[in-house]
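Shown next, in structure tokens, is the structure this report addresses.
Just so you know, all these numbers are worked out from the coordinates, no wet-lab data involved. Given the structure is predicted, the values throughout are model-derived calculations rather than measurements. We place every Cβ from the backbone using ideal geometry, glycine too, and count neighbours over all the protein chains shown.
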Amino acid sequence: MVIEMDRVQKVISNLGYASRREAEKLIIDGKVLINDKIAHLGDKIQSSDIIKIDGIILNKENNDKVYYLLNKPRGVVSTVKDEKNRKTVVSLIPNDKRIYPVGRLDYDTTGVLLLTNDGELTNLLLHPKKGVEKVYVAKIKGIITGSDIYKLKNGVIIDGVKTSRARVKLKRYNKSNNTSIVELTIHEGRNHQVKKMFSSLGYEVIKLTRTRFAFLDCQSLKSGEYRTLSVKEVKKLYSLGD
């Protein structure tokens, strides 16, 4: 693999060591060296340069990409490492490569999660302008009204910013235990977005599952199980950026 005059954070991401955002933090924290000199955001890298992170040399030749689809169980964090020593999604997939999740699902949220060491694809899928579709099914406390469904569809204010239009479907409700099951399709990836959208209207999310990411679902996988993506699926994910 030839890497010619790319920004250092992009190189680190493309090599699968970390996501672009994580790479930027490593650089800001002074943990990245280029030819034994401290790197700065925006520094350009040539193929002959040696990159070190925490004293470890990144091998630019060993760049085999891997792609996994995980049915994330409840009680697992969507990080590579956890300061509280909780189980991470990465620990569920035995692998000798440095993989990381594409985006995050909350500790108590289950369902579709991609993991890879392909920084380019990760950046594509998480870019706000790409609007990759994500489908969630939420069990909420209360019987949701038609008016509130309309509000969710047209956008609600969370963290001072209105959400984009969404698709919303009431799947069922139960008057005896005062709950509703709602399917919500969004194209953003803001922090705790689904829970905050319901909370803005006074509903507590009791249970949340992501049932689809782009065209991928995990209906064939039990909780905690994973599979590798096919070449066709990876190409289709890349085509979302066209």
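Overview of results
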item	result
Among S164, T145, T79 - extreme Cα towards positive end, dipole of the chain, charges at beta-carbon	T145
Cα centre as origin, Lys/Arg/Asp/Glu Cβ charges: region 1-134 dipole, Debye	400
Two-decimal log10 I(q)/I(0) for the chain, as the Debye equation yields it once each C-alpha is a single scatterer, q = 0.09, 0.18 Å⁻¹	-0.45, -1.36
Total charge dipole magnitude, region 113-242, about the Cα centre, Cβ charges on Lys, Arg, Asp, Glu only, Debye to nearest 20	480
Ranked packing of 146-153, 207-214, 160-167, most packed first, by mean Cβ within 10 Å	207-214, 146-153, 160-167
Length-normalised contact order of region 37-165 in % [C-alpha pairs under 8 Å, at least 6 apart]	18
Size of charge dipole - the chain - debye, nearest 20, with Cβ of Lys, Arg +1 and Asp, Glu -1, no other charges	1240
Region 57-136, Rg to Rh (Cα coordinates; Rh as Kirkwood inverse mean 1/r)	0.98
Helix-derived mean residue ellipticity, 222 nm - over the chain, DSSP H n ≥ 4, -39500 (n - 2.57), to 500	-5500 deg cm²/dmol
Neighbour net charge for Q193 - beta-carbon separation under 13 angstrom, K R +1, D E -1	+4
Neighbourhood charge, 13 Å Cβ-Cβ cut-off, centred on N123 and excluding it, Lys, Arg +1 and Asp, Glu -1	+1
Largest-first principal axis extents of the Cα set of region 89-181 (Å)	50, 31, 21
